[in-house]
Amino acid sequence: MSSRTVTLEHALYALALAIALGLRFLYLGALPLTDFEAEGALQALAIVEGDHPALGPTPAYLHLTAILFALFGASDFWARFWPALAGSALVLAPWFLRRRLGRVAALVLAFGWALDPGLNALSRQADGPMLAITFLILTIVFWLDGRRALAGILGGLTLLAGPSVWFGLLGLALGWGFSRLLPAPPSPVEAEAESAAGETGAGSRSAPVRLESLRPALGWGAGTFLVVGTLFLFSPQGLAAFAASFVAFLRGWVMLSDVSLGRLFLALPAYELLPLTFGLWAAGRVVFQKDAARRPLAFWALGTFVLTVIYPGHQVSDWGWLLLPLWALAAVEVARHFDFEGYSRWVVGGTMFFVWVLAVITWMMMTRLTTIDLTNPAYRWQWLILLILPLVGVILILLVGTGWSAEEARLGAVWGVLVPLVFFTLSTATGAAQIREPRTVELWYPEPRLGRAELLLKVANELSLYNTGVEADLPLTVVGVDSAALRWMFRDWQVDEVPALAPDQTTALVITPSGLDLTLTADYRGAPFVWRKKGDWQAASVALWYKWFLYRQMPLQQEDIVLWVRSDLMLEPPNSNLIP
């Protein structure tokens, strides 16, 4: 048989890639860039226009995006293109780990990374973390696969990906340190398996690296670092941005984050129930069954978890590094439960069905409970029933294990839990990626997000088209609004940013913060727009957090801006509203 024959395994990897591409590229440019995204996009655009701006600490993203802007023009879609592509490419990494993880586990890992809510959210943000994750993982994968040149190229890109790289590398280092502090020699069987290549690359001792094998990687890495870091010498300030990335990471050790530990910890069960459930199960196997082959993954997860908690500048996006080993552990554990041979399909299927039904009933009851006030007798009984349902599931599994076999009970229970968790993961992924309508308040999506930004631009363009015959042709003055997203949105306009207006100025359009009245000689009419909004996390009660967990709804704080239009430019009579 030809080695190029397409197999079912190839088709399944193609399906995982298609899912990843769909979740990451669907409506990619629909939402306007937020302030933190627009900062980088504006710098990339400035490079294309021949300026030499001071660059932020993500030179790989900035220079690669500048190439897209030069080829296709600046847009929200192209600003987010490279993170989305990198997040999709990550799904292919398990293909190269099949001999180390196992073929089934590698496939499960590919689908897990394709569906994961956190990785999807990071892939749709115009910034460097997703590039850092993918570049580093592919560097390791190609190195283990013996492809030194590719590993060098990806390694050079990794160093240019921004502060998140240093976070990921320190998490790996902490995991290695923990593994050295807590040595656990493998059993003879495991030692023999490790010497025969092991089940994970990190789980087996590798031969000493020779200088001859390092030269191709170092050469290609240095070349990539210089070419991409200076954009073919067109933007040499990218090398300074590389140094700034390390400084930005260090700054996170002295600057407190605005994300509380409560929000940080809630992000895991709220989005990552599947990898948490099976990843912790696999980690328990490492501890109690001395599974030496999985220890490196478990310690990697432990190191990253500890770093995220103690890092003062932590963000929810930092969990992205934890998801890599956590999903790998979960994939290995899930792969153990594909052994259906020799078991009764009716028993396994029946157990799975009843566990699945109990899971659905539990979720439906949770959605009916709109309060956690136990003083109300009606709600108290509902909460009691909710607590009893898992106990019913445990009794059911024990009865199946006693009446038929423990293995059939295990398979039925695992798949009865796994199937609802897959649907839960897919649902939370569409929300975290902001591709589900109506859009909800998500922890993975950076705040503040924009409000009715597209409506503001639409009105301004219509006014310009009506008065000049061309969009973006009227002069626009921005007074007292410091917003990179606003600069990005009106990048094609003649914009003048000033702290205040002289009384005799007659600018066609003016944008001001809400509450600031114009005192000009010319007549102006204004309409407010919701510009920024964010969840009111600090004021949230336990009941509101419970409601958010179920529906992703949270009271919002909003910031308005006002678009003022000189009266002689209005499309409508003076007594009508600017916004219908």
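Here are some notes:
- Positions within the range 393-430 being buried (at least 23 other Cβ atoms within 10 Å of the Cβ) and under 23 Å from the mean Cα position of the chain (by Cα), in sequence order: T428, A429
- Residue within the range 41-55 that is aliphatic (A, V, I, L, M), in the same structural domain as L160 (by TED's automatic domain parsing), on the phi < 0 side of the Ramachandran plot and in contact with a Ser or Thr (Cβ under 6 Å, 6 or more places away or on another chain) present: yes
- Test for S245: is it surrounded by 14 or more Cβ atoms within 10 Å (Cβ to Cβ), in the same structural domain as I140 (by TED's automatic domain parsing) and in a loop (DSSP other than H, G, I, E, B): no
- Of all residues making up the range 360-383, the number that are more than 29 Å from G349 (Cβ to Cβ) and either modelled with pLDDT of 80 or more or touching a Leu at 6+ places or on another chain (Cβ under 6 Å) (or both): 2
- Filter result for D76 (among the acidic types (D, E) and modelled with pLDDT of 95 or more): yes
- Every condition in (1) over 27 Å from E39 (Cα atoms); (2) surrounded by fewer than 20 Cβ atoms within 10 Å (Cβ to Cβ); (3) over 17 Å from the mean Cα position of the chain (by Cα) is met by G480 except one, and the failing one is (1).
- Where a residue in the range 531-546 is closer than 19 Å to W444 by Cβ and its partner, wherever it lies, is assigned to a strand (DSSP E or B) and of a type in the set (A, V, I, L, M), with Cβ under 6 Å and at least six apart: K533/L556
- Residue list for the range 401-414, filter: touching a residue at least 24 places away in the same chain (Cβ under 8 Å) and assigned to a helix (DSSP H, G or I): E407, E408, A409, R410, L411, G412, A413, V414
- Some residue of the range 115-126 being in contact (Cβ under 8 Å) with a residue 12 or more places away in the chain, outside any helix (DSSP H, G or I) and either in contact with a Gly (Cβ under 8 Å, 6 or more places away or on another chain) or among the basic types (K, R) (or both): yes
- Residue match in the range 37-50 (condition: closer than 24 Å to W531 by Cα, within 15 Å of the chain's Cα centre (by Cα) and assigned to a helix (DSSP H, G or I)): yes
- Qualifying residue in the range 448-466 (condition: within 30 Å of L273 (Cβ to Cβ), surrounded by fewer than 20 Cβ atoms within 10 Å (Cβ to Cβ) and at pLDDT below 90): yes
- Filter result for A14 (over 21 Å from F135 (Cβ atoms) and of a type outside the set (D, E)): yes
- Residues of the range 415-464 that turn out to be charged (D, E, K, R), part of a loop (DSSP other than H, G, I, E, B) and closer than 16 Å to L486 by Cβ, as a count: 1
- Some residue of the range 85-104 being more than 15 Å from the chain's Cα centre (by Cα) and either polar (S, T, N, Q) or not in a helix (DSSP H, G or I) (or both): yes
- Number of positions in the range 458-489 that are among the aliphatic types (A, V, I, L, M) and in contact (Cβ under 8 Å) with a residue 40 or more places away in the chain: 9
- Single residue of L55, L71 found to be of a type outside the set (S, T, Y) and assigned to a helix (DSSP H, G or I): L71
- S427 vs. criteria hydroxyl-bearing (S, T, Y) and farther than 28 Å from Y551 by Cα: no
- Hey, V510 assigned to a loop (DSSP other than H, G, I, E, B) and touching a strand residue (DSSP E or B) at 6+ places or on another chain (Cβ under 6 Å) or not: no
- Tally of residues being at pLDDT below 90 and either within 22 Å of the chain's Cα centre (by Cα) or over 30 Å from Y311 (Cβ atoms) (or both) across the range 158-217: 27
- Subset of the range 286-313 [buried (at least 20 other Cβ atoms within 10 Å of the Cβ) and not in a helix (DSSP H, G or I)]: D291
- Near pairs, Cβ below 8 angstrom, 6+ apart or cross-chain, from the range 47-69 (under 17 Å from A484 (Cα atoms)) to any residue that is among the charged types (D, E, K, R) and part of a helix (DSSP H, G or I): G56/E39
- Cβ-Cβ under 8 Å pairs, at least 6 apart or on other chains, the range 379-400 side more than 15 Å from V357 (Cβ to Cβ), far side small (G, A, S) and in a helix (DSSP H, G or I): L398/A409
- The selection criterion, being free of Cβ contacts under 8 Å to residues at least 24 places away in the same chain and of a type in the set (V, I, T), holds for T139.
- Flag for D504 being outside any strand (DSSP E or B), in contact (Cβ under 8 Å) with a residue 12 or more places away in the chain, loosely packed, with under 14 Cβ neighbours inside 10 Å and acidic (D, E): yes
The values are calculated or read from the model by the stated rules, or taken from the named source; none is laboratory data. Keep in mind it's a predicted model, so treat the numbers as computed, not measured. Cβ: placed from backbone, ideal geometry, glycine included. Neighbour counts: every protein chain shown.
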